[in-house]
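The values are calculated or read from the model by the stated rules, or taken from the named source; none is laboratory data. These numbers come from a predicted model, not from an experiment. Cβ coordinates were reconstructed from backbone atoms using ideal geometry, including for glycine residues, and neighbour counts include every protein chain displayed.
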Amino acid sequence: MRRVLHDYAKQKDILKKGIEERANAVVEIIFVASGSTKPPLPIYGKADYANGYDVVIHDECAADINDPAVIEGVLKPHRDGFRA
């Protein structure tokens, strides 16, 4: 079985450029170059991480984070809906 690796360092720039060229949007990026499937992303544990944004896009591999409180914290603004 072949393992596919994602180049998140490049993807972030490609996504930012593509979105900003096609939409009236400013893209802000939070990037941690860890290479881990348990990345230490700064949004984890911050309930208000989505405040002030119209859209939040996650492009991360956090497949091995299995703490229900962390997962719920990341998903909560998406489940509840959020306002800029």
Answer yes or no: is there a residue in the stretch 56-66 that is over 12 Å from the mean Cα position of the chain (by Cα), without any contact (Cβ under 8 Å) to a residue 12 or more places away in the chain, surrounded by 10 or more Cβ atoms within 10 Å (Cβ to Cβ) and more than 20 Å from PHE31 (Cβ to Cβ). no
GLY45 vs. criteria out of contact with any helix residue (DSSP H, G or I) (no Cβ under 7 Å at 6 or more places or on another chain) and either in a loop (DSSP other than H, G, I, E, B) or modelled with pLDDT of 90 or more (or both): no
Just the residues that are within 21 Å of GLY81 (Cα to Cα) and either loosely packed, with under 11 Cβ neighbours inside 10 Å or under 11 Å from the mean Cα position of the chain (by Cα) (or both), please, taken from the stretch 25-40. VAL26, GLU28, ILE29, ILE30
